[in-house]
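Data block below; observations after.
The values are calculated or read from the model by the stated rules, or taken from the named source; none is laboratory data. Predicted, not measured: the structure shown is a model, and the values here were computed from it. Positions of Cβ are backbone-derived with ideal geometry, glycine not excepted, and every protein chain shown enters the neighbour counts.
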Amino acid sequence: MLSLIPKPNPKPADIKLLRSYSDASIAEIRRAAETGSSIRDFRIFEGDWESERCVIVRLYREFACNDSVPFAICEDGEVFETPQSLRDRLEGLRQIELQIQRDKDLEMGSIRTREEFKPHDDEWF
C-alpha cells in the first residue's frame, strides 16, 4: 500500500495542494502533518486501481517537477526519498500488471505464446 503523508507545518498553499489529492479536511491534514499519518492510502491492484493509479502518477509528477513538495509518499513505512525511487516502484508495478494480464491471456487460451501478448489497457506510466 502506498500512503500520502503531509509534511510538518503545511502552509495554506500546501493544504490546497494536498486537498486536491485527498478528501481530508484542513484540520485532518494539519493533524496528519503533526503525527506523520496518512491522508490517503492507495491499495495496489485493489478496488478502483485504474483511477487510483492515475492519482499516483499525478503525485509522482508533482514530486518530480518540484524541489520541495508538501508530502511524502511511503510504502510499508519506507519513504520514497527521490522521484527516481518512486518511478522505479511504479515501473515495477506496471511490469507486474502486464505480467498478470499476459499470464491470464495464456491461461484462458487467448494467446498461445508470450510474444502474441498485447496490453489490455493504455500505458499509464
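Of the set (1) modelled with pLDDT under 95; (2) within 30 Å of PRO119 (Cα to Cα); (3) not small (Gly, Ala, Ser), all apply to ASN66 but (2). The residue of region 28-71 that is farthest from the chain's Cα centre (by Cα), among those that are within 18 Å of ARG87 (Cβ to Cβ) and in a strand (DSSP E or B), is PHE71.
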